[in-house]
């Protein structure tokens with residue numbers, strides 16, 4: 001793959017007004033790309049150019065979009081066709097929410113799925129042909145933001161975990177279906193503990209980053225490196241968990257079914273010691 005982050009290329013980023021999306025917008029803008037940020041939050045959307053460093057004749061485009069609504073995606077496509085002449089070199093399907101969910105509240109599942117899962121499905125449905133067309137003449141990439149919770153499935157928020165597990169499946173399938181596209185790549189971004197809007201880091205909030213968490217800019221730097229390496233899996237570490245430890249945890253979790261153990265043994269009191277002993281023995 002030739003460089004995606006290149007002057008004259010175009011980027012469309014959902015959830016791009018804060019967190020990882022905003023850092024990705026800054027990355028693209030810094031490389032001289034034309035950027036369109038789609039977000040639902042009026043306050044952070046209005047501040048995008050200030051937060052990215054636009055102005056002086058070159059700004060980032062913004063548009064209010066609810067990724068769960070197909071009408072908003074049609075509006076976004078019209079804007080892309082107008083401003084970018086139907087060219088997308090980087091499509092980042094990054095928008096997500098993380099409210100709590102419970103078994104007695106089906107609406108909490110519906111709300112999370114509408115944004116986290118269908119926000120990705122709607123984006124692929126709307127722009128896949130556009131990205132494929134772009135890739136006939138210049139390199140293009142689709143970045144889909146997942147979560148480690150969609151892989152290791154920690155107890156606590158079943159709707160969020162399920163939405164991100166589905167996103168992982170969608171990204172894997174998309175990568176397979178596009179395997180013969182010469183200039184088009186798919187990447188699943190799996191952040192570690194990151195200080196984003198989901199954890200209170202709204203632009204301008206002035207909150208202190210917790211020890212152990214990464215800044216969104218660090219995640220984007222790691223993403224760029226893995227993209228340069230041609231990696232689908234972008235398993236981001238943080239200041240507490242290495243990529244190697246993540247792999248061990250994922251392997252243990254997948255082995256629950258293989259070994260006939262109960263699900264989620266990593267968190268069960270009777271299995272915690274065995275899990276840690278196994279992790280410590282792995283090289």
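Taken together, the values in this text are just the output of simple stated rules run on the coordinates, not laboratory data. Values in this document were obtained by computation on a predicted structure and should not be read as measured data. Note that each Cβ is placed from the backbone with ideal geometry, even for glycine, and that neighbours are counted across all protein chains shown.
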*Tell me the label-point distance for the pair residue 261, residue 102, using the 7 Å Cα-to-Cβ offset, in nm and rounded to one decimal.*
3.0
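Please report 173, 187, 31 as a ranked list, fewest other C-beta atoms within 10 angstrom at the top and most at the bottom.
If I rank by nearby Cβ atoms, fewest first, I get 173, 31, 187.
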*Across 10 Å bins from 0, what is the distribution of all Cα-Cα pair distances for region 1-82, in whole percents?*
19, 52, 27, 2
*asked:* How would region 189-255 be classified by its alpha-carbon gyration tensor: rounded, prolate or oblate, with rounded meaning a/c under 1.5 and the a/b versus b/c comparison settling the rest?
replied: oblate
*Length-normalised contact order of region 10-240 in % [C-alpha pairs under 8 Å, at least 6 apart]*: 19
*Taking only DSSP H segments of four or more residues, each worth -39500 (n - 2.57), what value at 222 nm results for the chain once the sum is divided by all its residues, to the nearest 500 deg cm²/dmol?*
-14000 deg cm²/dmol
_Fewest-first ranking of 14, 44, 126, using other Cβ atoms within 10 Å as the exposure measure_ = 126, 44, 14
*Which residue, 180, 94, 129, tops the fluctuation ranking in a GNM of the chain built on C-alpha contacts under 10 Å?*
180
*Of 19, 156, 123, which is the most mobile in a GNM of the chain whose springs link Cα atoms less than 10 angstrom apart?*
156
*asked:* Taking 0.36 nm per residue of sequence separation and subtracting the Cα-Cα distance, how much length would be gained by fully extending the chain between residue 232 and residue 281, in nm to one decimal?
replied: 14.9 nm
*asked:* Rounded to whole Å, give me the distance from the Cα center of region 24-103 to that of region 159-220.
replied: 16
_Please report the antiparallel percentage of the DSSP beta bridges confined to region 10-240, to the nearest 5._
5
*Once fully extended, how much extra length lies between residue 177 and residue 245, figured as 0.36 nm per residue of separation less the alpha-carbon to alpha-carbon distance?*
21.5 nm
*Angle in degrees between helix 269-281 and the longest Cα principal axis of the chain, rounded to the nearest 10*: 70
*Going by alpha carbons, how many degrees (0 to 90, nearest 10) lie between the helix axis of 118-134 and the longest principal axis of the chain?*
50
*Among 144, 258, 124, residue whose mean-square fluctuation peaks in a GNM of the chain (springs only between Cα atoms under 10 Å)*: 258
*Using 7 Å Cα-to-Cβ label points, what is the residue 169/residue 71 separation (nm, one decimal)?*
3.0
